1. Choose one answer from 167, 158, 20: the residue with the largest mean-square fluctuation in a GNM of the chain with alpha-carbon springs under 10 Å.
2. Set the Förster distance to 45 Å, then compute FRET efficiency between residue 189 and residue 109 from the Cβ-Cβ distance, nearest 0.05.
3. Enter the angle in degrees (range 0 to 90, nearest 10) between the Cα long axis of helix 31-44 and the first principal axis of the Cα atoms of the chain, meaning the one along which they spread out most.
4. Determine, for 77, 2, the number of other Cβ atoms within 10 Å of each Cβ, and report the residues in order from fewest to most.
5. Can you list, bin by bin at 10 Å, the percent of alpha carbon pairs in the chain, starting at 0?
6. If you rank 27, 21 by fewest surrounding Cβ atoms within 10 Å, what's the result?
7. Which residues in the stretch 120-140 place their backbone N less than 11 Å from a point set 7 Å from the Cα of residue 7 along the Cα-to-Cβ direction?
8. How many nm is it between the label spots at residue 164 and residue 31, if each spot is 7 Å from the Cα in line with the beta carbon?
């Protein structure tokens, strides 16, 4: 299961009636990473009046989480338009922060909605994406002699080995693409092993 995510962070500038809307779009797949991105933008533009944002985590067709904030703008005029742009794009694990510098001319509620939407859209248009492969964590308990075989299977499946513990047997924590799980278990069938979800 793959879906597009931001390949790198981008920043764009949208200006209307002397107000500047600086949009930053980047990868975020957790509340912590999203807030870290927000903090970095705040540090970059400490004198700005507003840092409005929205994010969507996980597969864009079935997000695991979504949130937004108006950061002092009238309710519904900033975070919601940014989130609306995100929800109509096929990109997951993404956050957009729009920093506003007031230019002295009030835009009104409708004007703010249009401006924040346009700023977010501009950032999306400038964004490069890459394919994110959703990995499933598993723990495999095997005999020492099968370790290299398992490592080979994981590499073939384009998975990752997160950890390896040696006791009376070898416990390997692995991460595999969801669509490779069944084949992995079939190939493991000839050897004695125990497999369990890593979070069990």
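1. Its mean-square fluctuation being the largest, the pick is 167.
2. 0.10
3. It works out to around 40 degrees.
4. The most exposed by this proxy come first: 2, 77.
5. Histogramming the chain at 10 Å steps yields 9, 30, 22, 16, 13, 8, 2, 0 percent.
6. Ordered from fewest to most neighbouring Cβ atoms within 10 Å, 27, 21 come out as 27, 21.
7. 127-131
8. For the pair residue 164/residue 31, the computed spacing is 3.6 nm.
Bear in mind these aren't lab numbers, they're just calculated from the coordinates by the rules spelled out. In this text the structure is predicted, and so the values were computed from the model without any measurement. Every residue, glycine as well, gets a Cβ built from its backbone with ideal geometry; the counts of neighbours run over all protein chains shown.
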